[in-house]
Amino acid sequence: MNTIPITVNICERPYKLMVKPDDEPLVREAARKINEGLRNYAQSYAFKDNQDLLAMVALQYTLNSLKNEKEISYRARELAGQLQQIDRTLSI
């Protein structure tokens, strides 16, 4: 497996990772978004420690992920239904 070492900083802590070269930009972007979320929560709410901030960011991104999965599933079902209707129409 072809991986490269990178270091990303999350919440002012360095994390050394081994990632595929193609995944490096995504991993760096993910770390950037986490840190951005941390800053936003820190400015908006009076959290006492970084663990609380990280928990809220994790909750936010997990909620967004679940919403996206639900939307993709709904669209896939809708598309499958439309394709079946087209197939039925063309089979006549």
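Just a few scattered comments:
- The residues listed here are LEU53, LEU90, LEU83; of these, the one that is of a type outside the set (D, E, K, R), on the phi < 0 side of the Ramachandran plot and touching a Cys at 6+ places or on another chain (Cβ under 9 Å) is LEU53.
- Some residue of the range 27-38 being among the hydrophobic types (A, V, I, L, M, F, W, C), surrounded by 11 or more Cβ atoms within 10 Å (Cβ to Cβ) and more than 17 Å from LEU59 (Cα to Cα): yes
- Test for GLU12: is it charged (D, E, K, R) and exposed (fewer than 10 other Cβ atoms within 10 Å of the Cβ): yes
- Looking across the range 44-92, not a single residue is more than 26 Å from ASN9 (Cβ to Cβ), under 23 Å from the mean Cα position of the chain (by Cα) and not in a helix (DSSP H, G or I).
Each reported figure results from applying straightforward, stated rules to the coordinates on display, with no laboratory input. Note that this is a predicted model, so its numbers are computed, not measured. Virtual Cβ from ideal backbone geometry, glycine too; neighbours counted across all protein chains shown.
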